[in-house]
Amino acid sequence: MAEQSRRTQAQRSEATRAKILDATVQCLVERGYAETTTTEVLGRADVPRGTLLHHFPTKVDLLVAAVQHVARRRLDGLAAEIGTVPAGAEPLDAFIDAVWRHFSSPIFWAALELWNAARTDAALRDALVPVEKEIFGTLREHARKLLDDDPRVDTVVHFTFEVLTGLAMTGIVSGDLARRELLIRRWKRAAAVLLGRRAPENLVERPAKERP
């Protein structure tokens, strides 16, 4: 009975911790890093201040834990997106679409807030480096399963990650949906050329009416 009680207490503690971290992520998405304060998180999590301090004695502790929490949710989201590629779909296009949906999700905006803060916060930067490597590694594994074990896949995955990250960030300012779709379509063609699935002369769409 005592063991069951301890296990239940541990489960309750973990649930409270997750509740606080979910509130932190929500705050990052809706208010941004600068306004993600312990007071704001307390209000959203609806827990006593002492409970928050028990789990996360300082704001740094809270945000470093948020890095790990965001990473787990990003990994789950990526796996779900890539795992729902419809039968008969062109694998490369489907992979790029799945990654783009991830970069369009709220959890990515939370990650972006943490990235920006990590530029001047060494503790966040130290926490982010290994989780970003893990996320990229997981993405690469899924890509290899979907696109075959081609030695060029790693390069295409890396470029896809960087291209779509940049596109998501520039989209914050431009909001140009037509240009976004054009660039994604162009990247699909370029990635197919890199993988030898499209002839280089077919890189440019015909008729090419859009201006670069």
Restricting the search to the range 51-72, which residues are within 18 Å of Ala110 (Cβ to Cβ) and either among the polar types (S, T, N, Q) or surrounded by 17 or more Cβ atoms within 10 Å (Cβ to Cβ) (or both)? Phe56, Leu62, Leu63, Val64, Ala65, Ala66, Val67, Gln68, His69, Val70, Ala71
Condition first: in contact with a helix residue (DSSP H, G or I) (Cβ under 6 Å, 6 or more places away or on another chain), hydroxyl-bearing (Ser, Thr, Tyr) and outside any helix (DSSP H, G or I). Can you find one or more residues in the range 47-68 that meet it? no
Those residues of the range 126-157 which are over 25 Å from His69 (Cβ atoms) and part of a helix (DSSP H, G or I) amount to Arg144, Lys145, Leu146, Leu147, Val153, Asp154, Thr155, Val156
By residue number, the members of the range 178-208 that are of a type in the set (A, V, I, L, M), closer than 26 Å to Asp148 by Cβ and open to solvent by less than 70 Å² (accessible area, probe 1.4 Å) are Leu183, Ile184, Ala190, Ala191, Ala192, Val193, Leu195, Ala199
Looking only at the range 90-125, which residues are under 21 Å from Glu141 (Cα atoms), open to solvent by 40 Å² or more (accessible area, probe 1.4 Å) and part of a helix (DSSP H, G or I)? Pro91, Asp93, Asp97, Arg101
Sole miss for Leu75 among (1) at pLDDT below 90; (2) closer than 19 Å to Ala168 by Cβ; (3) open to solvent by 30 Å² or more (accessible area, probe 1.4 Å) is condition (3)
Residue that is free of Cβ contacts under 8 Å to residues at least 60 places away in the same chain and in contact with a Lys or Arg (Cβ under 7 Å, 6 or more places away or on another chain), where the choices are Leu112, Leu42, Leu92, Leu52: Leu42
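The values are calculated or read from the model by the stated rules, or taken from the named source; none is laboratory data. Predicted model, so just to flag it, every value in this text is computed and none were measured. Note that we place each Cβ from the backbone using ideal geometry, even for glycine, and neighbour counts take in every protein chain shown. Just the protein is used for accessible areas: all its heavy atoms, side chains included, with ligands, DNA and RNA removed. Shrake-Rupley method; radii C 1.70, N 1.55, O 1.52, S 1.80 Å.
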